[in-house]
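Read through the structure below, which is laid out as structure tokens, and then see the notes.
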Amino acid sequence: MKKYPNRQIHMDFHTSPDIPHIGELFNSDEFGETLKTARVQLINLFGKCHHGYYYYPSKIGKQHPNLNFNLLQKQIDACRKQNIEFTVYTCVGWNEYWANAHAEWLEVSPEGVLGSKRPFEREYYRWNKLCLNNEPYRKLLKAEFKEMYEYFKPKGLWIDIILQNECVCKSCTQKMKEIGLDPQNKQDRQRMSRIAQIDFEKDIFEYLHELDANLHVYFNGYSYAMDLQDEIAISNKQKQQYNTFMDIESLPSDEWGYTHFPISVNYANKYDKEITMMNGKFHTSWGDFGSLRNKSALEYECFRALAYGAGVCVGDQLHPSGKIDKTVYARIGEVFKTIEEKEPWCLDTTKIAQIGVYGTTKSSDNITSAVDRAAEGAYRVLQELKYQFDFLDLEDSIERYALLILPDKVTLTPKAAAKIDNYVKNGGAVLVTGVSGIGENKQFLLETIGIEYVGQAAYCPRYIHIEEELFGNVPAMDYVTYKPGVCIRGKENVEILAYTVNPYFNRSEEHFCSHRHTPPRTEVSQEPAIVKYGKTIYVSSPLFTDFAENGVKAYKDLLAEMISILVEKPLVKADLPALSEVIIRGNNNKDKSKIVHILNYIIQRKCQILDTIEDVIPLYNRKLEIRCDNEPSHVRIVPEMKTLDFIYEENYVKFVVPELQGHTMIEILEND
Ligand SMILES: [Zn+2]
């Protein structure tokens, strides 16, 4: 059962000491009533900001120099009056005040840069970085957290910037030596960074739960982020146990983009951990004063969160004067009102997935908000084809999936390879592309895919020779693949569905042809491009990465045919364009009830710097077929309660949706 409030605000308040009269226009009634009218259930209020100032009279540090009253207390009182819950925000990794006062607490980069920030660098998001491994700093933070807890008794603490760069400060070098890591080795420094984050969260979480076992604790430090758990001890997954819930910070117009949230949530939402999607009211991102997110964009991001079983937290920044912006909350309120109406079909639901897709990030890789292209390609292909899928790490159970996909560069351990081989031997299907599953011995660890690794392809780009009618309606042609592939050899009884075609030569100063890459030779090579072996298919080019980078529709069409060979009965068949998204969830409150979410928004690059959404173009009379084990008793659009006619044939419930605006939910209740 979902316990965490669904409609939240994160109210940033990073405020320069050079701005006067902080909070002078704060009006308690206006603040509380504006939030209440916007149907806000929980707000994250600022105890301390990145500039390093407190917004109450702290005994630990310095209240903002131009604030002359307890702003946080007044905000809390205003919220309590309106029955709005609150958490208190504080930050760890960035604190300009303490950075200036305590140079010994700062990170030291391997190049010797203090605070991991060069002098005079002041582009967006550049703050001096304090080190998580510094014990005196950590001790002070514990005192601060205790003070905030005892002073305000919040529902929780929201603790920001649990990040750690490659740090070679005295604390870090000493700790590295103690655990056998070499500070001069980059990989060891990255390992220390992971260890520091997990250790910090464990230490603080246990400390806070000694104070109050019911206190909600969230560390903003990628606890939701997918890595393969190929090294369990340093995996992001370790952090999940130290977070009461997971807030997926993902502002689509900034570094995260529109694919970050769905990839993250499709990994995280299969676990028993509550999730919130955090976007923002900003046109671009945090700190974009004087901007308002397009209503359609805000709707899409929030409704997509509901479809994936997440709550919503919209980021805002309060003006230094303390005056809440009614225009902003009118817009948020419009969306929150609709969310409130949809909630009965969203709050207690479980993901339904048919395909498992392995992630591509190793536990020792740097953690960033950047989306890996192979995972992005898999997401785009499956979402556009309306398949229901989870992203997986190597420790996830796999028996429930009809198909596993290893996109382009999945690192397997021998144990994970054996698990997948066993899954295939028991009737499971696998689609493998690129160098996925190649072990340290330069051979495929998976025995069930029927191929041997020969080496890296000699030519790039090269071509895939597609013959007429072999892949559905994909027309015959030698299709270029832009990314480097591999050469393989098929074992006995392998069915070769396509061969590669090499170009005459690689483009170089010595040999080049025309404006771009070299044309294909007139004969196919002896190197297979696509092979089928039992219920497995292997593709020797990284088609998912290529699709994410270059968007060639033929790649998606080829992959669609391969997936349709491996998955006999998809959960969804839909007469919908590629841009429409279909997500199915099971309603835990109603026996055998399914909620089908359809999102119909157009993500556009309308300007130089970002993708956004402005228009919703309705669709009419679209047919859907949803796989159901039993004949339904009703199919209806909710919350409007508009009943739809349907027929039930061969385990599919078939119906026509008369009109699709932005977000539509359809409830299917099966008979027992
Ligand atoms: Zn350090």
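Bear in mind these aren't lab numbers, they're just calculated from the coordinates by the rules spelled out. Remember, predicted model here, so these are calculated numbers, not experimental data. Because the Cβ atoms are built from the backbone with ideal geometry, glycine has one as well, and the counts that use them run over all protein chains shown.
Placing +1 on the Cβ of each Lys and Arg and -1 on the Cβ of each Asp and Glu in the chain, which of TYR499, TYR54, ILE598 has its Cα farthest towards the positive end of the resulting dipole?
Result: TYR54, furthest along the dipole toward the positive end.
Mind sorting TYR482, TYR504, TYR54 by how few other Cβ atoms lie within 10 Å of their own Cβ, fewest first?
Least to most surrounded, the residues fall as TYR504, TYR482, TYR54.
Set the Förster radius R0 to 41 Å, insert the Cβ-Cβ distance between GLN661 and GLU206 as r into 1/(1 + (r/R0)^6), and round the FRET efficiency to 0.05. Before the final figure, lay out the partial values.
Numbers: r = 48 Å, r/R0 = 1.17.
The calculated FRET efficiency here is 0.30.
Could you grab the relative contact order for the stretch 7-347? Cα pairs under 8 Å, six or more apart, rounded to a whole percent. The partial results should precede the final answer.
Working: 615 pairs, mean separation 65.5, N = 341.
Across the stretch 7-347, relative contact order equals 19 percent.
Based on the alpha-carbon set only, what is the convex hull volume of the stretch 355-566 divided per residue, in Å³?
138 Å³
Kindly write out, for the stretch 243-258 in residue order, the coupling ³J(HN,Hα) from the Karplus curve 6.51 cos²θ - 1.76 cosθ + 1.60 (θ = phi - 60°), rounded to whole Hz, with x marking Gly and Pro.
10, 5, 9, 10, 9, 8, 6, 7, 8, x, 8, 10, 4, 6, x, 7
Highest first, please rank the peptides 551-563, 507-519 by the mean number of other Cβ atoms sitting within 10 Å of their residues.
Ranking the peptides 551-563, 507-519 by packing returns 551-563, 507-519.
What dipole magnitude, in Debye to the nearest 20, does the chain give about its Cα centre under +1 on Lys/Arg Cβ and -1 on Asp/Glu Cβ?
On the way: 79 positive and 94 negative charges, 188 e Å.
So the dipole magnitude of the chain works out to roughly 900 debye.
How are the alpha carbon pair distances in the stretch 321-401 distributed across 10 Å bins from zero to the largest one, expressed in percent?
13, 27, 26, 24, 10, 1
Using Cα-Cα distances under 8 Å and only pairs 6 or more residues apart, what relative contact order does the chain have, in percent? Present the calculation step by step, with values, prior to reporting the outcome.
On the way: 1473 pairs, mean separation 72.1, N = 672.
It comes to 11 percent, rounded to a whole number.
Only bridges whose two residues both fall in the chain count here: according to DSSP, what percent of them are antiparallel, nearest 5? It would help to have the intermediate numbers written out before the result.
Details: 68 of 116 bridges.
Around 60 percent antiparallel, to the nearest 5.
Considering the dipole of the chain built from charges on the beta carbon (Lys and Arg +1, Asp and Glu -1) around the Cα centre, which of PHE289, CYS313, TYR149 is farthest to its positive end?
Of the listed residues, the answer is TYR149.
For the stretch 95-247, what is the convex hull volume of its Cα atoms per residue in Å³?
Residue-normalised Cα hull volume stands at 129 Å³.
Report Rg(Cα)/(2.2 N^0.38 Å) for the chain, keeping two decimals. All intermediate terms of the calculation are to be shown ahead of the outcome.
Numbers: Rg = 26.6 Å, N = 672, 2.2 N^0.38 = 26.1 Å.
Computed over Cα atoms of the chain, the ratio equals 1.02.
Please report the relative contact order for the stretch 572-670, taking Cα pairs under 8 Å with a sequence separation of at least 6, and give it as a percent rounded to a whole number. Could the numbers behind the result be given before it?
Numbers: 211 pairs, mean separation 32.4, N = 99.
Reported relative contact order: 33 percent.
If you place +1 on the Cβ of every Lys and Arg, -1 on the Cβ of every Asp and Glu, and leave all else neutral, what size is the dipole of the stretch 355-566 about its Cα centre, to the nearest 20 Debye?
120 debye
Relative to the first principal axis of the alpha-carbon coordinates of the chain, what is the inclination of helix 373-384, with its axis defined by its Cα atoms, in degrees from 0 to 90 and to the nearest 10?
That works out to roughly 80 degrees.
Assign unit charges at the C-beta atoms only (+1 for Lys and Arg, -1 for Asp and Glu), then state the dipole size of the stretch 247-324 relative to its Cα centre in Debye, rounded to the nearest 20.
I would put it at about 200 debye.
Ordered by packing density, taken as the mean number of other Cβ atoms within 10 Å over each peptide's residues, highest first, how do 411-417, 33-39 rank? Intermediate results must be reported in sequence, preceding the final value.
On the way: 411-417: 18.0, 33-39: 19.6.
Ranking the peptides 411-417, 33-39 by packing returns 33-39, 411-417.
Where does the stretch 7-347 land on Rg/Rh, using Cα atoms and the Kirkwood Rh?
0.95
Could the peptides 648-654, 308-314, 138-144 be put in order, highest first, of the mean number of other beta-carbon atoms found within 10 Å of their residues? Don't skip to the answer; put the middle values down first.
Numbers: 648-654: 15.0, 308-314: 25.4, 138-144: 17.0.
Order by mean packing, descending: 308-314, 138-144, 648-654.
Please list the non-local residues whose amide H lies under 5 Å from the amide H of PHE389, H modeled 1.01 Å from N, same-chain partners needing a gap of 5 or more.
Residues meeting the amide H criterion: GLN354, ILE355.
How would the stretch 478-570 be classified by its alpha-carbon gyration tensor: rounded, prolate or oblate, with rounded meaning a/c under 1.5 and the a/b versus b/c comparison settling the rest?
Working: a/c = 2.78, a/b = 1.57, b/c = 1.77.
Cα axes put the stretch 478-570 in the oblate bin.
Any lysines with Cα under 19 Å of the LYS170 Cα? List them, leaving off those in the same chain fewer than 8 positions away.
Correct list for LYS170: LYS117, LYS129, LYS139, LYS186.
Give me the Å³ per residue figure for the convex hull around the C-alpha atoms of the stretch 572-670.
Enclosed volume per residue, from the Cα hull, is 105 Å³.
Here are some pairs, LYS237/LYS606; LYS535/LYS594; LYS237/LYS342; LYS592/LYS654; LYS142/LYS239; which of them have Cα atoms lying more than 25 Å apart in this structure?
Working: LYS237/LYS606 37 Å; LYS535/LYS594 29 Å; LYS237/LYS342 31 Å; LYS592/LYS654 17 Å; LYS142/LYS239 18 Å.
Violating the 25 Å Cα-Cα cut-off are LYS237/LYS606; LYS535/LYS594; LYS237/LYS342.
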